[in-house]
Amino acid sequence: MNLNSYEDLNYNAKIKIVFNNSAFGPGVAKIMSLVKETNKLSEAYKVMGLSPSKGWKIIKRAEEELGFPLFITVVGGKGGGKSELTAEGEELLSKYQSFVNELNIEAEKLFHKYFSS
C-alpha cells in the first residue's frame, strides 16, 4: 500500500449496542428491517442466507437478552402467516438506525480527514 495514495481505501464499522455482556447489532437489526418491509420472518432469513432454525435462534437469543419480544407473529391462515415488530422492537430499531446513521456521517468525515490526499 502506498501511503500517499488512498484512492482504493474504504472503511467498515460494525456498531453494536452492548449491555450486561450482551449486544444488539447489525445482524438482528437487518432481520428486523427486512421483516418490517416484508412482514415475513421467513423472507428475512432467506434474504440473509440464514436457515429458519439459525434465524430463529438469533431472534430468540436477542429477545432473551433484551428482555422483551421483538416480533408479533401470526402463524398460518389465508396467504400464510405474518410477522411484525412489537412497539419495543420498532423503537429499538428506529433508535439503532438513527444512531448508526449519525455515526456513519461522522465516521465518513473522519475517514476523509485522515485518509484523503
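Some points to look at:
- Every listed requirement among (1) assigned to a helix (DSSP H, G or I); (2) surrounded by 12 or more Cβ atoms within 10 Å (Cβ to Cβ) is met by H112 save one, (2).
- Scanning the stretch 65-103 for residues being at pLDDT 95 or above and in a helix (DSSP H, G or I) gives a total of 17.
- Residue pairs meeting the criteria (Cβ under 6 Å; at least 6 apart or on separate chains; first closer than 30 Å to N20 by Cα, in the stretch 66-77; second in a strand (DSSP E or B)): F71/S83; I72/E84; T73/S83
- Residue among A29, A44, A62 that alone is in a helix (DSSP H, G or I) and in contact with a Ser or Thr (Cβ under 8 Å, 6 or more places away or on another chain): A44
- For the stretch 65-78, the tally of residues that are over 12 Å from F24 (Cβ atoms) and either touching a strand residue (DSSP E or B) at 6+ places or on another chain (Cβ under 6 Å) or not β-branched (V, I, T) (or both) stands at 8.
- Subset of the stretch 1-53 [at positive phi and modelled with pLDDT of 95 or more]: G49
- For the stretch 79-103, taking the residues that are touching a helix residue (DSSP H, G or I) at 6+ places or on another chain (Cβ under 9 Å) and among the aliphatic types (A, V, I, L, M), the one that is nearest to V28 (Cα to Cα) is identified as L93.
The values are calculated or read from the model by the stated rules, or taken from the named source; none is laboratory data. No experiment lies behind these values; they were computed from the predicted model shown. Please note: Cβ atoms are built from the backbone with ideal geometry, for glycine as well, and neighbour counts cover all protein chains shown.
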